[in-house]
Each structure stands twice: as structure tokens, then as C-alpha cells.
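Notes to accompany the following structure.
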Amino acid sequence: MKITFKDVGQGDSIILEWEHNGQAKIGIIDCNKKGKSNPVLTHLQRLDYCEVEFIVLTHPHRDHYSGLQELLEYIETKQITVHRFAHTLTHIGKGFWKYFEVGRNDTQLLRKIMGTSKRLKNSGIIRRMDLLADNTVLEIEDYILIKCMAPSHDDMEEYMRIVKMDPDVNSKQASQAANLLSAVFHLDISGYHVLLTSDAEIFALQGIIERDAVKLTGRKFKICQLPHHGSIKNHHKFFWDLMTKTNGRHAVISAGKHRSYSHPSYKVVAHFHDEGYQVHCTNIVNGMEKFLKEQRAASLLFDTFGVMAEDYMKSIDHVFEFRRNRVS
């Protein structure tokens, strides 16, 4: 299997690819545009896929779905079969949807996406709609298992509690609360373990500890996505400290320049580096840029940064391939 964290600027898009009986397979987790480009759509077009195993919308924030309508329209035009479309929104009444985003246009786009997905389900292009919550399992292949660890019932209750506190006045707080609906995935790929966290809040990560601590301490996670683009507000040190330490661990951040955000946090990047992770970021900005400048300055004395700079000082997709004996 190959996992690609696409460079989509400030946002998330992840592509999973594998083979089954010689046939190429693809799954998509979130679809964000980067400027006018749609990296996930371009990837699908370039490789000429005629089926998509699954499309997941992890939660209702634009930087995770801005390219999804365009993707669905292409799928409809080309009559590409989508075996599963999964999201967390059905757990929340439509009356709350207007509070997912501060901007009304974003909410209208989300409604359009959900309407299109329903139409494609009715036409048979989308074969199955799944609701994501903790303990939802997507059995992709005999050797690929995707288990949803969040959102839980408690996460959704906390979301409702926050939004009910005068959301028309506190629109920013209500919008931020939608991160509580983020899907967190544990991937088991032939015994290799991957954690995908979307924009999970500390509240949700603590809930995972209380429900599934044994899965954190009893698994050697080779790849971990850092929540909310490496934000310090979503950094739960105790959660990560529970992870079994192992060689060859990778921490991945999807982030880019944005007028309102400064992700990732330098403290978050430094913490994972100090814990022995190889830290990757789709764009060298903010805390990642500061961290790499410090690493370069410290290593110039020993001339050890040269090879590292080639890989790190670029804005690129980050691709991981799972082979029989290693992750590369």
C-alpha cells in the first residue's frame, strides 16, 4: 500500500493506493483545493482510475472539502463507481450545519456536496453511504483494516453543548467546535499501524485514551498524522506519550501559508523530533521553518544537514510505501 499526504496548502487531502489481484485501487480521505488546482482530482485523472473504493469527509471544515464538489462532478461525468462515501454529519441535525463555518458560502458548498453525494447514491454511482463514529470499521482488503476511533457519542454531545451557547453571537467558537466531529482512523496494513487524526481536539484524544488506551500502548504506530495541521491547541502530550516507542516513526503535518493561521507550532514539531519521530510537513512554513533553520544552523558545524535539506526544505507531497519488511 502507498499513502500520499498531498500538498494542498493549508488543509488536508490523503490518498491510499494498493493493488488487488493486479488491479489498482484507490481511497480518498478529504479533498482540499490549493488555489485553483485540485491535487486529488488531478491525481485521479492522471492515473485514470475507473473505480474509487471509498471517499471520506472527515469533518465539515472547508480546508478538508473545498475540492470535493469538483471531484464528485468529475466522478459523475465519467461514471466512476464509488463503493463507499463516508462522513460524520448525519449524527448532527441539519439545523446545526449553518454553524460549521463562519462564512455562509462555505456552508452552502457543504450542502451542495452532500446533495450531490445523495444524488450519486440514488443513481447508483455511489454504492453505499457510511456514517462514521467510533468503532466503525471499513474492511478494505483481507490485509487492510480501517477502524474509526472518533468521533464518539461524547464528542458529539460536547459539540452540541458548545454550539448551543448562542452560536449566532459566538460564531467563531461554534465553527471551531466542528473539529469535535473529526474522524480519527487507525489503519492496520499487514501489521503496520498508521494513525490519521484530521483536526481532532484534545477532548476527543482524551476520549480515545479512556476507551482504547490498550490500542495505543499495544501497537507500534509507524506513521502518525498530527492533529489540526500541527496546532499547539490540539497537541495532547500524554496521548502521544502512550505510544509504544519504535524505530522508524514518522510524524506528518499537512499545512500551508494562511492569513489567519500559523500552523504548525514550533513546540509541536520540536516535541515529535525529540521523541524520535522523523517529522514531515507538506509546506515549510511557520514552526516547521523555524525548526529546520535551527537544525541547519546546529548541523553546519558537522556538515550533516546536506542530505536532510534535500528532502525537508521543499513543499511536496509526502509518500509512504508499505513493503513486506519496511516502510519507506
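Laboratory data are not the source of any read-out in this text; all were calculated from the coordinates shown. The shown structure was predicted, so the numbers you read here are calculated from the model rather than taken from an experiment. Heads up, the Cβs are rebuilt from the backbone with ideal geometry, glycines too, and the neighbour counts pull from every protein chain shown.
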Could you rank the peptides 112-120, 179-187 by their average count of other C-beta atoms within 10 Å per residue, with the highest value first? 179-187, 112-120
Using θ = phi - 60° and the Karplus curve 6.51 cos²θ - 1.76 cosθ + 1.60, what whole-Hz ³J(HN,Hα) does each residue of the range 195-211 get, with Gly and Pro shown as x? 10, 10, 10, 6, 10, 3, 7, 4, 4, 5, 5, 5, x, 5, 4, 5, 8
Net charge dipole size for the range 2-321 [Lys, Arg +1 and Asp, Glu -1 on Cβ; Debye, nearest 20]: 740
Among ASN38, HIS273, VAL252 - extreme Cα towards positive end, dipole of the chain, charges at beta-carbon: ASN38
If you restrict to DSSP beta bridges whose two residues both lie in the range 2-321, what percentage is antiparallel, to the nearest 5? 60
